[in-house]
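Here's the structure, in structure tokens; my notes come after.
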Amino acid sequence: MRKIWFLALGLLVCLPACAPKAVIQNNMVEDTLYFGLSTPQGPVTSAQWEDFLAREVTPRFPDGLTVWDAKGQWKDAKGVIEKEPSKVLLLVHSADAKSDEAIQQIIDDYKKRFDQESVMRVTEQVRAGF
């Protein structure tokens, strides 16, 4: 019985070393974009959002992304506090000019397509592993 216990203990100690480890990359950027869903023509529908994501975002960042629903509040150009449902898009990507340009295109496309005054962008340097 003691041999089995030592064998099991040995396996528990050794097995974690066999598991694949995430490769941590230093020169990464995390961009979080905040998209308001209220437009002069009415709210952006789920179908419209999914179409925008499929056409504009996924082709530019096919390796992955995260989206969640939020409730936003901001002051518009006229000084009015606006409250609206929102989408938050999180992208982790290489720190390079191509990615930066792709994000700016996503923002510009959204503003034009849905008649938006702005899309907030928060950018941070991160270490990430996949």
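Using a 1.4 Å probe, what is the accessible area per residue for segment 22-130, in Å²? Present the calculation step by step, with values, prior to reporting the outcome.
On the way: 6920 Å² over 109 residues.
So segment 22-130 comes to 64 Å² accessible per residue, rounded to a whole number.
What part of the accessible area of segment 34-130, given as a whole %, is carbon or sulfur when the probe is 1.4 angstrom?
On the way: 3160 of 6310 Å².
On segment 34-130, the fraction of accessible area on carbon and sulfur atoms equals 50 percent.
Restricting the calculation to Cα positions, tell me the Rg (one decimal) and the Dmax (whole number) of segment 21-130 in Å.
14.8, 51
How much net charge surrounds residue 88 when only other residues with a Cβ under 15 Å from its Cβ are counted (Lys, Arg +1; Asp, Glu -1)? Intermediate values should be presented prior to the final figure.
Working: positive: 71, 87, 121; negative: 30, 31, 69, 84, 124.
Spelling it out: positives minus negatives among the neighbours equals -2.
Are there any trypsin sites (Lys or Arg not before Pro) in segment 21-130 that are in a DSSP loop and have at most 12 other Cβ atoms within 10 Å? List them by number. Spell out each step's value before the answer.
Working: sites: 21, 55, 60, 71, 75, 78, 83, 87, 98, 111, 112, 113, 121, 127; in loops: 21, 60, 78.
Answer in residue order: 21, 78.
Can you give the local net charge around residue 48? Use residues other than it whose beta-carbon is closer than 13 angstrom to its beta-carbon, Lys and Arg +1, Asp and Glu -1. If you can, show how the numbers build up before the last one.
Values: positive: 55, 87, 113; negative: 50, 51, 56, 109, 115.
That sum, taken over residues with Cβ under 13 Å, equals -2.
Net charge within 12 Å of residue 126 by Cβ-Cβ distance, Lys/Arg positive one each and Asp/Glu negative one each, not counting residue 126 itself?
Values: positive: 127; negative: 30, 31, 124.
Residues near residue 126 contribute -2 overall.
The values are calculated or read from the model by the stated rules, or taken from the named source; none is laboratory data. Quick caveat, the model's predicted, so the values are computed rather than measured. All Cβ positions, even for glycine, are placed from backbone atoms using ideal geometry, and neighbour counts span all protein chains on display. SASA here: full protein model, heavy atoms, side chains in, ligands and nucleic acids out. Shrake-Rupley method; radii C 1.70, N 1.55, O 1.52, S 1.80 Å.
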